[in-house]
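The values are calculated or read from the model by the stated rules, or taken from the named source; none is laboratory data. Everything numeric here is computed off the predicted structure, so don't read it as measured data. With ideal geometry, Cβ positions are generated from the backbone for all residues, glycine too; neighbour counts draw on all protein chains shown.
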Amino acid sequence: YTVRYRPPPVSFQWRKDGVAIAGQTAATLHFESVSLADTGDYTVLVSGNGGSALSAIATMTVESNNSTNCLPAGLVAWWRGDGDGLDVTGAHNGELLYGTTFVPGVAGQAFHFDLSRARVNIPDSDAFKLTNSLSFEGWINVSSYAPGIIFIRGDNRGGLDPYHMSVQPSGQIHWGINTADNNFAFVQSPGAVPSGVWMHVAAVLDGATGNMGLYINGSLVSQTNTTLRPL
């Protein structure tokens, strides 16, 4: 004769910091990806006919990757705004001025400018002398349509600001360049952007073709072609 052994049914319930994780009842806990919020102490409660037992604690630590090894080629600077004005490349750290603070952003924290003069000031550098192709991008949340600078390499003289992005009183996003003889080219969003929501903006100038474009949330919203280049 044959004797077959059938183990009693066993159930699993994974926990994080002592709280059951909804839907996590398999024998293993698998993460497709992780975020900083996943940091914590994990245990599994194993239950069967004879009772239940709680596993030892397994602590998972998730750290933000600030390595510059994965930065894209040609990157000049990257300010995360995550609690400081530091440039990820380490070359162009900014100074917080006139009441600049921080609020929750898309990822981590973000700069908060709630006064007319609040800003992050970055010392000028030869690296910013971009006179041909260039691009810059970021996440913004417009709180009002009071005119305000988003990003600028500026000059104390009238005009002569090599490149800049701003919010117009109309609520439109403006992206422009100035030449050494103070001629300018620009594009603007076709209408007012929404306020109170996060959106991704990107400004590009292709020096080879003269195409100058403004992108919002990955879509090209305005484009022109120009022979002008930033001073």
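Structure notes:
One line per residue, one yes/no per condition, for (1) within 23 Å of Gly74 (Cα to Cα); (2) modelled with pLDDT of 95 or more; (3) of a type in the set (A, V, I, L, M):
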{"site": "Pro147", "(1), (2), (3)": "no, no, no"}
{"site": "Leu160", "(1), (2), (3)": "no, no, yes"}
{"site": "Pro190", "(1), (2), (3)": "no, yes, no"}
{"site": "Thr209", "(1), (2), (3)": "yes, yes, no"}
{"site": "Gly218", "(1), (2), (3)": "yes, no, no"}
{"site": "Ser222", "(1), (2), (3)": "no, yes, no"}
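- Pairs where the first residue, in the range 175-193, is within 16 Å of Pro147 (Cβ to Cβ) and the second is among the charged types (D, E, K, R) and at pLDDT below 95, C-beta under 9 Å, 6+ apart: Gly176/Asp161
- Figure legend. Inter-residue proximity from the range 16-30: first residues over 12 Å from Tyr42 (Cα atoms), second residues in a strand (DSSP E or B) and of a type in the set (Ser, Thr, Tyr), beta-carbon distance below 6 Å, spacing 6+ or different chains. No pairs are indicated.
- Residue selected from the range 110-137 under the condition part of a loop (DSSP other than H, G, I, E, B) and touching a residue at least 40 places away in the same chain (Cβ under 8 Å), by the criterion surrounded by the fewest Cβ atoms within 10 Å (Cβ to Cβ): Asn132
- For the range 44-56, residues that are in a loop (DSSP other than H, G, I, E, B) and under 21 Å from Gly23 (Cβ atoms) total 1.
- Cβ pairs under 6 Å, 6+ apart, first in the range 89-109 and farther than 14 Å from Arg119 by Cβ, second of a type in the set (D, E, K, R) and in a loop (DSSP other than H, G, I, E, B): Gly108/Asp82; Gln109/Asp82
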